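First the structure, in the form of structure tokens, and then the observations on it.
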Amino acid sequence: MAVSFEYVAKETATNLWRNRMMALAAILTVAVSLSLVGTALLLRQAVNRQIGQWSNNVSLQVFMNPDATSQQIANVRSMIEQTPQITHVTYLDHAQSYAQAKQVLAGELTAIEALSPATVPTVFRCQLKNPSEATTVQATFNSGVPGVYQAISPSRSIHVMQQVTNVLQLILLVIAIVLLISSLVLILNAIRMAIFARRREVGVMKLVGATNWFIRVPFMLEGLVQGLLGAVVAVVIVLMSNFGVSYLIRHYKVSVLGSAVLPAHDLVVTELLVVLIGIVVGVAGSSVAVRRFLDV
Amino acid sequence: MIRFDNVTKSYKGLAPALDDISLEIQKGEFVFLVGSSGSGKTTFLKLLLREAVPDSGSIRVAGRDIGDLSHWRVPYLRRNLGCVFQDFRLLPNKTVTENVAFALEVIGRPKSVIKTQVCQVLDLVGLGQKGERMPHELSGGEQQRVAVARAFVNRPLVLLADEPTGNLDPSTSQGIMKLLDRINRTGTTVVMATHDVGIVDTMRRRVIELDRGRLVRDQARGVYGYGDMTSSTRGVPVVAMAGNGDLGHDAAGDPVTSRVAAVRARRGQR
């Protein structure tokens, strides 16, 4: 069976144009819902990256004075090893600590320039059996141990923030799913109207022996195009909001949020996922419509 | 070409639309399918097109049992069956040429073939000069010619016509019948369901009569008869036949009279 590309393209374009108001509604709904999906996914990645950065994935960091003697460092190490709540510890010397600082301060060139390996404090990174004990353990190291500059643990606010973003993300995803379902129904309805508008042609096609797929393909393609166009709009919206946020973070030098600027790789993967969902929704909607309303 | 073996078809809960029909139509025959409304003529054509499937019995078209046909093969069956209807079923937004070409486009014929075949068939139906007209600019007779052209453009083995003259005045109908006759002469089998007494009586071709789903008459070179017993047709064929002398192949007396008697007996009248 030769379904000519030209014929299918022409039919699909005519259908979309004839049905443009329905198509527009479907496309915009897909766009809004997929924007939410994309935003939720990016938010999740940004928050995870940022929180990981803030807490360095450790529960307690003990910073030494840059000029602490090796005797003082050894003392602190043995003190840490004798603290029962601490399960694991790694020590970053000047060079490693400097590398770490550069990562944390990425995006803030002046701050990095002010640092040098010699002036950066060395640090013990400790993992606690139970992160909720962080404040008490932290206090023992902050009570004037010689050579210790400061002991810090991720504050409760980080955990609160994590929970808030989790809830926010859940809400976004629920809204997105509801909108995705409604866009599927809208696409289904748009295709149904297209089928109704062309019932004469379809009748003649059946009569003269056009194959089922020949009759179906233009309608299914119409749904696919609607899903795809919606997804493309969503991709643009998500990209623009992402660049907007990144720009604000850089422009106002909000260095604490430096890691919330996502690398291109994460963006591309998310956008591809958005496009894929758009196509799936379009094809699913039109398949159901074709099966239910195009009796071939 | 077409063969029905004990075909029965009924719609939900109703009396059968076709009841145990067996018949055979040879290649190149011209057959009238007559009977009152609801007698099963349309069901007969629908079964041939496989728009409906018989409850029992088998139907063969060109040697193939179409009951066995898988779903995706049905379109290929329909490519061998041209179809004409009372209401023309032309696409109003396409020109005459486009309407006819559409039938070939959607079965994937190449453009060059479409062009020559459409020209040929429009000349055949006498609309060679009106290819660029829209359907609404044409008279009913011309529209039906377009429909015939569309049905015939792919050179089907069989042309099915469901009351093709139902919307046309007698002289226009004559033109359509001449056209169908011409198509029949090319070797195409024509099956035409009709109510048109005049046409059936002048053409003198094989007549198959259905009455409430039953085959009540199958007569070579037959006439319409007056099985529906309405005042408008009662008696007319008898008068027409009186001077004719050709009483069909039923040698045992007047076929019309005997058939009417049979119908009456079945209905419990007199």
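The values are calculated or read from the model by the stated rules, or taken from the named source; none is laboratory data. On a predicted model such as this, the values are computed, not experimentally measured, just so you know. For neighbour counting, all protein chains shown are included, and Cβ atoms are generated from backbone atoms with ideal geometry for every residue, glycine included. Protein only, heavy atoms only, side chains kept; ligands, DNA and RNA dropped before computing areas. Shrake-Rupley method; radii C 1.70, N 1.55, O 1.52, S 1.80 Å.
Here are some notes:
- Among residues of the stretch B:188-206 that are among the acidic types (Asp, Glu) and in a helix (DSSP H, G or I), those with a Cβ under 7 angstrom from a residue that is surrounded by fewer than 22 Cβ atoms within 10 Å (Cβ to Cβ) and modelled with pLDDT under 95, sequence gap 6+ or separate chain, pair up as B:Asp201/B:Pro237; B:Asp201/B:Ala240.
- Residue match in the stretch B:115-127 (condition: modelled with pLDDT under 95, in a loop (DSSP other than H, G, I, E, B) and open to solvent by 50 Å² or more (accessible area, probe 1.4 Å)): yes
- Residue that is at pLDDT below 90 and within 14 Å of chain B (Cβ to nearest Cβ), where the choices are A:Phe214, A:Phe243: A:Phe214
- Close Cβ contacts (under 6 Å, 6 or more residues apart or on different chains) running from residues in the stretch B:95-115 that are within 11 Å of chain A (Cβ to nearest Cβ) and closer than 13 Å to A:Ser4 by Cβ to residues that are assigned to a helix (DSSP H, G or I) and open to solvent by 10 Å² or more (accessible area, probe 1.4 Å) comprise B:Leu104/B:Ile114.
- Conditions (1) open to solvent by 60 Å² or more (accessible area, probe 1.4 Å); (2) outside any strand (DSSP E or B): number failed by A:Phe141: (1)
- Residues that are open to solvent by less than 20 Å² (accessible area, probe 1.4 Å) and under 10 Å from the mean Cα position of the chain (by Cα) were ranked within the stretch B:83-92; the one that is nearest to the other protein chains (Cβ to nearest Cβ) is B:Cys83.
- Scope the stretch B:50-65; condition surrounded by fewer than 20 Cβ atoms within 10 Å (Cβ to Cβ) and in contact with a Lys or Arg (Cβ under 6 Å, 6 or more places away or on another chain); matching residues: B:Ala52, B:Asp55, B:Arg60
- Taking the criterion of being without any contact (Cβ under 8 Å) to a residue 60 or more places away in the chain, open to solvent by 40 Å² or more (accessible area, probe 1.4 Å), assigned to a loop (DSSP other than H, G, I, E, B) and not hydroxyl-bearing (Ser, Thr, Tyr), the residues of the stretch B:129-157 that qualify are B:Gln129, B:Lys130, B:Glu132, B:Arg133, B:Met134, B:Arg155.
- Conditions (1) part of a helix (DSSP H, G or I); (2) of a type in the set (S, T, N, Q); (3) without any contact (Cβ under 8 Å) to a residue 40 or more places away in the chain: number failed by A:Ser35: (3)
- Any hit, the stretch A:282-292, residues being within 14 Å of another protein chain (Cβ to nearest Cβ) and touching a Phe, Trp or Tyr at 6+ places or on another chain (Cβ under 9 Å): no
- Apart from one condition, B:Val84 fits all of (1) touching a Ser or Thr at 6+ places or on another chain (Cβ under 8 Å); (2) within 30 Å of B:Lys9 (Cβ to Cβ); (3) not in a helix (DSSP H, G or I); the exception is (1).
- Condition check for A:Val76: away from chain B (no Cβ under 14 Å), at pLDDT below 80 and touching a Pro at 6+ places or on another chain (Cβ under 9 Å): no
- Among residues of the stretch A:20-32, those that are open to solvent by 20 Å² or more (accessible area, probe 1.4 Å) and in contact (Cβ under 8 Å) with a residue 40 or more places away in the chain, counted: 6
- Per this entry, A:Val235 is not counted among residues that are β-branched (Val, Ile, Thr) and within 17 Å of A:Trp17 (Cβ to Cβ).
- Test: residue in the stretch A:83-90 that is at pLDDT below 85, part of a helix (DSSP H, G or I) and more than 30 Å from A:Leu168 (Cβ to Cβ): no
- Selection over the stretch A:1-30 of residues that are away from every other protein chain (no Cβ under 14 Å), among the polar types (S, T, N, Q) and part of a helix (DSSP H, G or I) gives a count of 2.
- Test: residue in the stretch A:193-202 that is of a type in the set (A, V, I, L, M, F, W, C) and within 14 Å of chain B (Cβ to nearest Cβ): yes
- Residue list for the stretch B:149-180, restricted to those being within 14 Å of chain A (Cβ to nearest Cβ), hydrophobic (A, V, I, L, M, F, W, C) and closer than 22 Å to B:Leu47 by Cβ: B:Ala151, B:Phe152, B:Leu157, B:Val158, B:Leu159, B:Leu160, B:Ala161
- Set side by side, the residues A:Leu267, A:Leu172, A:Leu168, A:Leu184 differ, and just one is more than 30 Å from B:Lys94 (Cβ to Cβ), modelled with pLDDT of 90 or more, more than 14 Å from chain B (Cβ to nearest Cβ) and in a helix (DSSP H, G or I), which is A:Leu184.
- Scanning the stretch B:102-119 for residues that are under 10 Å from A:Val208 (Cβ atoms) and of a type in the set (D, E, K, R) yields a single hit, B:Glu105.
- Of all residues in the stretch A:270-296 being at pLDDT 80 or above and charged (D, E, K, R), the one that is surrounded by the most Cβ atoms within 10 Å (Cβ to Cβ): A:Glu271
- Extreme residue, farthest from the other protein chains (Cβ to nearest Cβ), among residues of the stretch B:37-80 that are of a type in the set (Asp, Glu) and part of a loop (DSSP other than H, G, I, E, B): B:Asp55
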